[in-house]
1. Filter the range 148-170 for residues that are loosely packed, with under 12 Cβ neighbours inside 10 Å and in contact (Cβ under 8 Å) with a residue 40 or more places away in the chain and give the result.
2. Would you mind stating whether Glu51 is more than 19 Å from Trp246 (Cβ to Cβ), surrounded by 15 or more Cβ atoms within 10 Å (Cβ to Cβ), among the acidic types (Asp, Glu) and at pLDDT 95 or above?
3. Can you list residue pairs whose Cβ atoms sit under 6 Å apart, with the first residue in the range 231-243 being closer than 18 Å to Ala34 by Cα and the second being crowded, with 19+ Cβ neighbours inside 10 Å and among the acidic types (Asp, Glu)? Count only pairs 6 or more apart in sequence or on different chains.
4. Can you find even one residue in the range 75-83 that is assigned to a loop (DSSP other than H, G, I, E, B), aromatic (Phe, Trp, Tyr) and buried (at least 16 other Cβ atoms within 10 Å of the Cβ)?
5. If you check every pair at least six apart or on different chains, which have Cβ atoms under 7 Å apart with a residue in the range 53-82 that is closer than 14 Å to Leu96 by Cβ and among the acidic types (Asp, Glu) first and a residue that is outside any loop (DSSP other than H, G, I, E, B) and at pLDDT 95 or above second?
6. Which of the residues that make up the range 103-132 are more than 20 Å from Val180 (Cβ to Cβ) and surrounded by 20 or more Cβ atoms within 10 Å (Cβ to Cβ)?
7. I'm trying to understand the selection: among the residues of the range 204-216, which are surrounded by 21 or more Cβ atoms within 10 Å (Cβ to Cβ) and of a type outside the set (Gly, Ala, Ser)?
Amino acid sequence: MRTFSRFARRVAVLIVVAGAIHAQDLHFAVLVSANAEWRVVKTLFAAATIETSPYGEYLFADVEHERVLFFQGGWGKVAAAGSTQYVIDHFHPQRLINLGTCGGVEGRIKRFDVAAVRKVVIYDISETMGDSKAAIAKYSTTLPLPAHLPVPVVKATMYSADRDLTPAGLRELNASYQPVVADWESGAIAWVAHRNGTPLLILRGVTDLVNPDYAEAQGNLQLFADNTIRVMRNLVGALPRWLAVWR
């Protein structure tokens, strides 16, 4: 019995040490949310082995001699929050990066511009028993950007909600904010990363534009899908330069 106990303790120590080594080895994990975004990533790493998690697929790839986890987190706040925590708990990355798409407000940003997110506001919170602004502030997260930005970007606040930005929605948002970009998942990813003390960089490319009268992707899923290909190829292509400046 004592021999077995000593053996069990040694195995436990080896598991802990192996986990620590694994955690030290993984500097970066890249979270990808929408299915259309993930499909593009998979084509860029066609030789990689695809694994599965409760949230979708993932793969490891070498990016300029850096072993990087690419993880499909799923779309919407619920999947984004759960998958971010899952990646932190299971892979222990030193840093998180979220690459993806977003909508942009016409006249404030251009199609295919990349937004480097310095703050995220979850705005679809309606508090009727108290103050909605206080609740929104609680679920807003500030993100420090690298001191050196290796590619042209637009520094912006991301307005995040489980809904697409429509002309009516933009008019409503304009009453309280002056949004430049909007998406579904950034708010949840940022909040969970912050609660865990894990540094996070969010880079999202604009696939479509909205103004107070017209949203070009409304009812036009193909436009989003086509533009997502260009956005994701651009973001993954620039990834080595971001890894070099954000350590």
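The values are calculated or read from the model by the stated rules, or taken from the named source; none is laboratory data. Remember, predicted model here, so these are calculated numbers, not experimental data. So basically every Cβ, Gly included, is an ideal-geometry build from the backbone, and we count neighbours across all protein chains shown.
1. His148, the sole residue that qualifies.
2. no
3. Within 6 Å, the pairs are Met232/Glu37.
4. yes
5. none
6. The answer is none; no residue qualifies.
7. Hits for the range 204-216 are Arg204, Val206, Thr207, Asp208, Val210.
Listed here are the residues, each with its yes/no results for (1) at pLDDT 95 or above; (2) part of a helix (DSSP H, G or I); (3) among the aliphatic types (A, V, I, L, M); (4) in contact with a strand residue (DSSP E or B) (Cβ under 9 Å, 6 or more places away or on another chain).
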{"residue": "Gly169", "(1), (2), (3), (4)": "no, yes, no, yes"}
{"residue": "Val206", "(1), (2), (3), (4)": "yes, no, yes, yes"}
{"residue": "Ala217", "(1), (2), (3), (4)": "no, no, yes, yes"}
{"residue": "Leu235", "(1), (2), (3), (4)": "yes, yes, yes, yes"}
{"residue": "Ala238", "(1), (2), (3), (4)": "yes, yes, yes, yes"}
